[in-house]
Amino acid sequence: MSVQTTEPTPSPAPVPAEKKANGLLWMAGSYVFSVLAAFVVGAIIIVALGYDPVRAIESILTTSFSTSFGMVETLHKWVPIVLCAYAFAIPLATGKFNIGAEGQLLVGATGGVAMGILLSDLPLLLLLPMVLIAGVLAGAVWAGIAAVLMVKFGVNEILSTVLLNFVSFQLIDYVASHVWPDAGAGHPATVPVGDGARLPGIGGPPPIHLGVVLTLVVCVAVWLWVRRTPSGFEMRAVGANPRASLVHGLRTSRLAGLGIVVGGGIGGLAGAIEVAGVHGKMLEGMQSNFLILGIIVGLMARGSMAAIPVVAFGIAVLEVGASSMQRTAQVPVELVLIVQALILLFLLLSDVVRRRFERRVR
Amino acid sequence: MSQSAPRLAMRGIVKEFGPVRALDHAELEVAPREIHGLLGGNGAGKTTLMNVLYGLYRADAGSIAIDGTEVSIASPKDAIDAGVGMVHQSFLQIDSYTVTENIVLGTKLPGPAWRLDLSDPREQVAELSSRFGLHVDPDAIVEDLPVGVRQRVEILKALYRGVGTLILDEPTTNLTPGEVDELFGSMRTMVDEGLSVILITHKIRETMAACDRMTVMRDGQRIATVRREETDAEALAGIMVGRDLDDGVPEAAVIATGVVEDVEDVAEVVESAEPLRPDPVDSGAVRVEGLRVRNDHGVEAVRGLSLSMGRGEILGVAGVAGNGQVEFAEAIAGVRQPETGHVWIRGTDLVGRPTREWLAAKVAYVPEDRDGDGVLPTMTVAENLVLGSQRSSDIRRAGLIDWKEARQKAAEAIATYSIRANGPNALAGDLSGGNIQRVILARAFAHEPSLLILHNPTRGLDLRSTQFVYEQVHAATAAGCSVLLLSEDLDELVALSDRLVTIYNGEFVGEWARGAVDQVAVGQSMAGVGVER
Amino acid sequence: MAEFVALVLPAMVPFVLAAQGTVLSGRAGVFNVSQEGLMVLGAAVGFLVSYSVGSNAVGVFVAAAVAGLFGLILGVMTTNWRLDQFIVGLALYFAALGLASLLYRVAVGTTLEPPLIPTLESYPIPLLSKIPYLGEMFFDHDLLVYTAFVLSGLLFWFMYRTNAGLRFRACGENPRSADSLGVNVARTRIVASVLGAALVGVAGAYLPMVYTGTFTEGMVAGRGWLVIALAFLGGWRPQYILAGAAFFAGMEVLALRAQVAGVGIPHQFVLMLPYVATLVVMMFAFRWARQPRFLGQNYDRESRLAG
Amino acid sequence: ACGGESGGGDEVSVAGIFSGPTTDADYNALGLKALEAAEADGARTGHSESVPVPDIERVLNEYVADGFSVVWTHGSQFYDATAKIAEQNPDVTFIAEFDGEPENQPENVWVIDRNFHTVFYPIGTLAANLSSSGQVGYLGGLSLPFSYSEVHAVEQAIADSGKDVTLNPVWSGDFNETVKAQQLTTQLLSGGNDVIVTSLNLGVVGAFKAVTQKPAGEAWLTVKYTDKSKNGPDHYAATVLYDFEQPLTEILESIESGERSGYYQMGFGKGASVEVSDAVPAEVRTAVEEAVEGIKDGSITVELDQTEPK
Ligand SMILES: Nc1ncnc2c1ncn2[C@@H]1O[C@H](COP(=O)(O)OP(=O)(O)OP(=O)(O)O)[C@@H](O)[C@H]1O
Ligand SMILES: Nc1ncnc2c1ncn2[C@@H]1O[C@H](COP(=O)(O)OP(=O)(O)OP(=O)(O)O)[C@@H](O)[C@H]1O
Ligand SMILES: [Mg+2]
Ligand SMILES: [Mg+2]
């Protein structure tokens, strides 16, 4: 049979390098566009309220870079944001929404602080790893509740992780006011952990705690895991099509559960690092708004584990800068939230613009 | 010939999707009371043209006239108002609604707005279904219905709205031969009642059987419109493929065309070719014993199947959809846990083992539902090809997946399987159906399977792609692979199988050796005739 | 018992209103996650308007309108521009939170004498409230309590007993199918998003109008997030939402009662009870815990991918 | 990283850091009011509000870098961070709040002891004399040591009054949660408590809502920090009134005269007072006034007991 049945491949020869560069340019461009646009709208509001927009925006953009502690604080904020972003993004790779990073952070902090207080006399080399590992394990176990409920009982993970956050608030309140309370703190807080539980600082003053480096390592490890290992690939496959993954031998529900547990472990690590690096104890409110920031970073990174640390840095700069905006220009704090919302919305809008634009040039 | 205005005239239709020009000044004319075939290879633009007509896609240029008046169709609502109805390639139904609810959805109903009263529509549905021979239970929940019935629901949806022009996009791919005949009967009734029907299909035999005229499309353009009386199957196939068939006849083309003239011919053509394979060796390369499997609803769908296959043997399984094929295929692919029974692959009983061990034992499965079970739409072709072998040592360096290597292999697969994709990094979801199937086949064959399970592997594929699949199957059997072919296309089964069994109600009810297949008997056996219950 | 019910019913109201709003959007396919922000905004706007106009009714309507405006933004951005529902929702959460505080600051500023509005009077229903025992329990509440229940009933009727409801649900179950039958998916979703958000706003306004008479920033205290959990608990159906809210509010009231009675367990564990109990209930809830097939997924007519 | 030696003749500059919004008409608004008073006295001022505990160190550092000579953190949850930053910036003077007297107080830190327990004693006297059911409720937010000390002080006052009255403490878990406060108060009332001593911020508004369901005279409520009688004038019994203007002014004066460290205990006449409603029977009011006098002249010592009650 001689009919030639193979079609000539229409091969629009792949030009990956150029395409990649183009994509990066677009990505960077859209971030810049949205920040600019949000600032313009924010400035209009600031003027309308009778404040000085130039000073306000200047302090948003420069606080992180103009003083050494600004940079330190930015990096220290970057750490939990990145980790909470992973706590959200890793389960999302399998299509599951972990809205429980703050609970996992708090329980992780509880695990870390327990080690740091109970074994406070141990030397750093022993105690610090134990604090961090306890944090990871506690966070993983906490998220594991949601994972088990999901895998074994089909409980929606959004529901369970949200509820577990509320449980964790009470839990740490109990720990901070009954188990190891600090009587003078005026706030639910535990007594300080031993010196061996503190992450050493580098540089300074003020020093950057070693958790920043640790987080960088986590970033690389997560990227490698998700992109390069079989189990990471399996997780992404489950996210892309659970049925097809099942047919091709993947244990889908177990992988989805694993995603949540790993995410929880990383959330727990965030808590342990906050204890060991920043506060030296556990206190109510230490979760700040890292949950929402983490979700936003995770979503803005659009599934790319490599983009998370970068986007998180941008958000950390914004957070630090925006909260000092009220100090320098006496602009009300609430505007910070509005500017953040605007940046997000404009970032999304830049996608619409991009789609339209690409349609036209093609 | 027809002095009155055509029922439908589409002129100069252009539609672009980014870089892809799907329709390039396409033309289509359909007369009143006509069944009009729309033919063409995968990606020719048939569905796109019909989506434009139905208002799902907005054309970049062109005009549409119905009964001589130009209409502007910007949404399905406009199309419905203009008397156009469409049965889509994949069903568009609300799974949790009843048949009646699905049918009346979007229409005005008699009675007050604050009360949903479905008694009138119910009767209307019942009346329509008996008038056109489309039997359905108006109160059944559609997700519980077999595909053939869901197909009828789709048609009833259009009829209920009082269509003048009914589009059927590849309606026969889901139907058994008997159901196809019923459908064609219903179509005739519709035409007799004044409707025009546009029938899209890849099967030349069907167009020759059902259509009055046909339009052939290629690359988004009309190539020709011919009357049935003025053409024959070979000529049509030639137009579609775009070349003369004189210099060689692909098997798929033979199946598609020859049957039309005379059922016996295919068998002859195929049998006259010298035996395709040596006799099966090592009979017992695959053994199945006493397999019982439940379906998703907990009902026993496979009821004690046993079989034995040799190396290089192709065992065809003929049956009407819904007789346990999916459960059977999934059970011997290791995807579904059977209730009882054994499956020995080259001597090892794998029942009870997890799916990945079946994969390791070189069982490859090409599922029927390629979008649902086969492909990772948001991932790249390279990643899709890795699925299932992500832990194999050939693509791992130091425990990590070597994506460079994987992309290299994907590029090779793209070349050997002629996958029309923009390189290994193209997203699988962007590929056409035929190309997705090629990716799935490439993945299956890359396992060098010892057992290959193919479920409707050429459904919806054009001649070239179909031929390609057959060639790959022959190559695999030559390498000693046992192939289990489950198909609803009897011609395909007859042409390819060394042995043919029929499945009915979860049991094998008949068996024929190659060359001794009596198609009438097979048809009866599939329908359960002569089977004691 | 009578007192228990009398406590539970008002406690249910913000949950019921906001969860029904969430269900209303969700059944059309729009997954709103900005409830927490919209409730705060509804509380602030409802309070400020009531205070300056002197009418709680006007306050409720303006709160609904402002929250509805946010729903409109969510609807347009996700249906017309097909932006990710989750991200838009979170952005709106931030914006609403910020706007609420900003409005209050601009209108009231720093003072030691915060403005007060009269809270809603209870409105005994004639005749029904005279029924011994039951009357006091069920028919002697403020108007928003009745509204919440009547609204739930109407929503149920609309979704399951009208032709419009059939079309409406189709947009969340399979928008492509609905679209192919001439249902205007975009419009349905936008309207659902607006009305749903408006209900969430009313739920927020309920807090200052019934509980406090004044606005404070933290007064929503995470209820907006719980509402999302409640929507899942109720399987996105109005009738189960009512049951879920009753269960949740009941647990909350019981937990507080346990503390007052001095059960001797640290109050933190008592306060956990509603959440833990909900999780336990969910373990057995697979029967009803369904969700709309296309919840949270945008529909693009010309795209071949599922969404 | 500090803004140069502050010379003798320089203007004073004070920064205030608040944990919540200054629109709360409560603790943070009191802080801003004090700061505004300092501004009226000629100081340069600046402030940050809604500063969460995790951000406090950065905000402190920023004010130091901005060259403020005095930085005040309003809220005892900020004490540790303030002490830490103070040690790193010996040229700047800090004012921090605490419950009790801290150990290892740095050289450049002034401590304001809010002394809640002492001020709650007269409230205990009031409750003991006002209650006719013999049941008094205490409604707190977070179960913090200072809250426990208030409970013990109220119990001490009840015991001293010689009345047969029991105190039932409960906590809502949040100082600003109005809804839980409302529900808890309702339940306390139905449990027979007729005087509710609250130690809340804005949550108290919910408690008012609950008491006003009862006829006037059958249920009473006391509040903390600012006068909130408007929420229910007929049920309002008393306020533990706080005012940070006086402590801040006095401390700033001391700092100007070179005293860069000290311990300022609030109390009657020193930023705190008890205000009793006219609706409260005269003999009860007299008892409260006597208690206040007793504390002032030292005849009553209120014990600081921060252990968990019962
Ligand atoms: N949604 C899409 N976005 C971008 N490109 C697409 C999209 N769908 C298809 N394509 C591209 O269009 C080309 C043709 O696809 P099409 O679906 O028309 O094929 P087809 O006609 O179904 O062919 P066959 O089924 O034979 O493979 C493919 O190369 C595919 O990559
Ligand atoms: N939504 C879409 N987005 C991008 N490309 C599309 C889309 N729909 C169709 N196309 C492209 O338009 C071309 C025609 O596709 P169409 O589906 O009409 O083919 P077809 O003739 O129906 O093929 P088949 O026989 O496989 O059904 C293809 O190249 C396809 O990729
Ligand atoms: Mg098609
Ligand atoms: Mg196709």
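The values are calculated or read from the model by the stated rules, or taken from the named source; none is laboratory data. Because the structure is predicted, anything quoted here is derived from the model rather than measured. As a convention, Cβ positions derive from the backbone with ideal geometry for all residues, glycine included, and neighbour counts pool all protein chains shown. Just so you know, the surface numbers come from the protein's heavy atoms only, side chains and all, with ligands and any DNA or RNA stripped out. Shrake-Rupley method; radii C 1.70, N 1.55, O 1.52, S 1.80 Å.
Each of B:Ser63, B:Ser72 has its accessible area taken with a 1.4 Å probe; listed largest first, they run B:Ser72, B:Ser63. If R0 is 35 Å, the Cβ-Cβ spacing of B:Ala398 and B:Gln337 corresponds to a FRET efficiency of close to 0.50. For the stretch C:133-267, dividing the convex hull volume of the Cα atoms by the residue count gives 150 Å³ per residue.
Could you state how much accessible area is buried at the D-A interface, both sides summed, with a 1.4 Å probe, in Å² to the nearest 100? Mind showing how you got there, number by number?
On the way: alone 13000 and 18400 Å², together 28840 Å².
Separately minus together, D and A give about 2600 Å² buried.
Specify the residue with the greatest mean-square fluctuation among C:Val58, C:Val263, C:Val185, computed from a Gaussian network of chain C linking alpha-carbon atoms under 10 Å apart. Residue with maximal mean-square fluctuation among C:Val58, C:Val263, C:Val185: C:Val263. For D:Gln135, neighbours were defined as the other residues whose beta-carbon sits under 11 Å from its Cβ, and their charges (Lys and Arg +1, Asp and Glu -1) total -2.
What is the Cα convex hull volume of the stretch B:263-526 when expressed per residue in Å³? Display every interim value, and only then the final one.
Values: hull volume 33.3 nm³, N = 264.
Dividing the Cα hull volume of the stretch B:263-526 by its residues yields 126 Å³.
Backbone amide hydrogens, once placed in the peptide plane, bring D:Trp220 within less than 5 Å of D:Val195, D:Ile196, excluding anything fewer than 5 places away on its chain.
Note on the stretch C:23-57 and the stretch A:85-155: Cα centroid distance 35 Å, given to the nearest whole angstrom.
State, in square angstrom and to the nearest 100, the accessible area buried between chains B and C, both chains counted, probe radius 1.4 Å. Write out the running numbers ahead of the final one.
Values: alone 23640 and 15020 Å², together 36260 Å².
By this definition, chains B and C bury close to 2400 Å².
Excluding ligands, DNA and RNA, what is the solvent-accessible area per residue of the stretch C:2-306 at a probe of 1.4 Å, expressed in Å²?
Details: 10180 Å² over 305 residues.
For the stretch C:2-306, the solvent-accessible area averages 33 Å² per residue.
Across chain B, the relative contact order, built from alpha-carbon pairs under 8 Å that are at least six residues apart, equals 14 percent.
Quarter the surface of the alpha carbon convex hull of the stretch D:192-310 and you get the mean projected area, 9.9 square nanometres. Inverting the pair-averaged 1/r between distinct Cα atoms of chain A gives 22.0 Å as its Kirkwood hydrodynamic radius.
For the protein assembly as shown, DSSP calls about 45 percent of its internal beta bridges antiparallel. Out of the total accessible area of the protein assembly as shown (probe 1.4 Å, heavy atoms of protein only), what percent is carbon and sulfur? The C+S portion of the solvent-accessible surface of the protein assembly as shown is 56 percent. Computed across the stretch B:22-111, the Kirkwood radius stands at 15.0 Å (inverse of mean 1/r, all Cα pairs). Can you give the net charge of the other residues whose Cβ lies under 14 Å from the Cβ of D:Asn193, counting K and R as +1 and D and E as -1? So the surrounding residues net to 0. How high is the relative contact order of chain C, in percent, with contacts defined as C-alpha pairs under 8 Å that are six or more residues apart? Once divided by the residue count of chain C, the mean separation gives 36 percent.
Scanning chain C for GluC sites (Glu not before Pro) lying in DSSP loops with no more than 15 further Cβ atoms inside 10 Å, the longest uninterrupted stretch between such sites is C:122-301.
Find, among the GluC sites (Glu not before Pro) in the stretch D:275-305, those assigned to loop by DSSP (not H, G, I, E, B) with at most 12 other beta-carbon atoms within 10 angstrom. Don't skip to the end; give the middle numbers.
On the way: sites: D:Glu275, D:Glu283, D:Glu289, D:Glu290, D:Glu293, D:Glu303; in loops: D:Glu303.
Here the GluC sites (Glu not before Pro) that fit, given the DSSP loop and packing criteria, are D:Glu303.
Mind checking the per residue accessible area of the stretch B:263-526 for me, 1.4 Å probe, whole number of Å²? Please list the in-between numbers first.
Values: 9950 Å² over 264 residues.
Each residue of the stretch B:263-526 exposes 38 Å² on average to a 1.4 Å probe.
The alpha carbons of the stretch C:2-306 stretch over 60, 47, 44 Å along the principal axes, in descending order. Going through the stretch D:1-103, which GluC sites (Glu not before Pro) have at most 10 other Cβ atoms within 10 Å and a DSSP loop state? Passing sites in the stretch D:1-103 are D:Glu5, D:Glu11, D:Glu103.
Taking every DSSP beta bridge that has both residues in the stretch B:263-526, what percent is antiparallel when rounded to the nearest 5? If we restrict to bridges inside the stretch B:263-526, about 55 percent are antiparallel. With loop membership from DSSP and a limit of 16 other Cβ atoms within 10 Å, the longest segment of chain C without chymotrypsin sites (Phe, Trp or Tyr not before Pro) is C:134-283.
Would you kindly give the portion of the calculated P(r) for chain D that falls above 37 Å, as a percent of all Cα pairs? Value for chain D: 19 percent of Cα pairs lie more than 37 Å apart. When the GluC sites (Glu not before Pro) in the stretch B:146-193 are filtered for DSSP coil states and for at most 13 other beta-carbon atoms within 10 Å of their beta-carbon, the remaining sites are B:Glu193.
With the simple model of a label 7 Å out from the Cα in the direction of the Cβ, D:Glu11 to B:Asp139 spans 8.6 nm.
Per the Kirkwood treatment, what hydrodynamic radius in Å, one decimal, follows for chain B from the mean inverse distance over all distinct Cα pairs?
24.6 Å
Stokes-Einstein at 25 °C, 0.890 mPa s, Kirkwood radius from Cα pairs: D for the stretch C:230-305 in µm² s⁻¹? Reported coefficient: 169 µm²/s.
For A:Leu24 and B:Ala513, what is the calculated FRET efficiency with R₀ set at 60 Å and r taken between the beta-carbons, to the nearest 0.05?
Details: r = 62 Å, r/R0 = 1.03.
Efficiency computed from Cβ-Cβ geometry: 0.45.
Please identify the DSSP H helices in chain A that span no less than 18 Å along the helix axis (Cα) and have a mean Kyte-Doolittle hydropathy of 1.6 or more. Present the calculation step by step, with values, prior to reporting the outcome.
Values: long enough: A:16-48 (48 Å, 1.35); A:53-66 (19 Å, 0.59); A:68-93 (36 Å, 1.24); A:101-118 (25 Å, 1.22); A:124-153 (42 Å, 2.34); A:157-174 (25 Å, 1.14); A:211-228 (24 Å, 1.84); A:252-273 (31 Å, 1.34); A:307-329 (32 Å, 1.18); A:334-361 (40 Å, 1.09).
Helix filter hits for chain A: A:124-153, A:211-228.
P(r) tail for the protein assembly as shown: Cα pairs beyond 46 Å make up 48% of the total. Label-to-label distance for B:Lys108 and A:Val148 is 5.9 nm, based on points extended 7 Å past Cα in the beta-carbon direction. A straight line joining the Cα centroids of the stretch B:75-146 and the stretch D:58-110 runs 74 Å. Spin-label model, C:Val150/A:Leu118: points 7 Å from Cα along the beta carbon direction are separated by 5.8 nm. When you restrict to C-alpha pairs under 8 Å that are six or more residues apart and normalise by the size of the stretch C:153-267, the relative contact order lands at 16 percent. Between A and C, buried accessible area from a 1.4 angstrom probe totals roughly 3900 Å², ignoring ligands, DNA and RNA.
Compared with the direct C-alpha span, the chain from C:Ser122 to C:Ser52 gains 23.0 nm at full extension, assuming 0.36 nm per residue.
With a ≥ b ≥ c the root eigenvalues of the C-alpha gyration tensor of the stretch C:193-258, is it rounded (a/c under 1.5), prolate (a/b larger than b/c) or oblate? In terms of gyration-tensor shape, oblate.
Our note on the geometry: Cα centres of the stretch D:263-310 and the stretch B:337-402, 78 Å apart.
Ignoring ligands, DNA and RNA, how do B:Lys77, D:Lys209, B:Lys157, D:Lys270 rank by accessible area with a 1.4 Å probe, largest first?
Details: B:Lys77 100, D:Lys209 30, B:Lys157 10, D:Lys270 80 Å².
In descending accessible area the options line up as B:Lys77, D:Lys270, D:Lys209, B:Lys157.
Between beta-carbons, use under 10 Å as the cut-off and find the net charge around A:Arg228, counting Lys and Arg +1, Asp and Glu -1. Around A:Arg228, the surrounding residues sum to +2.
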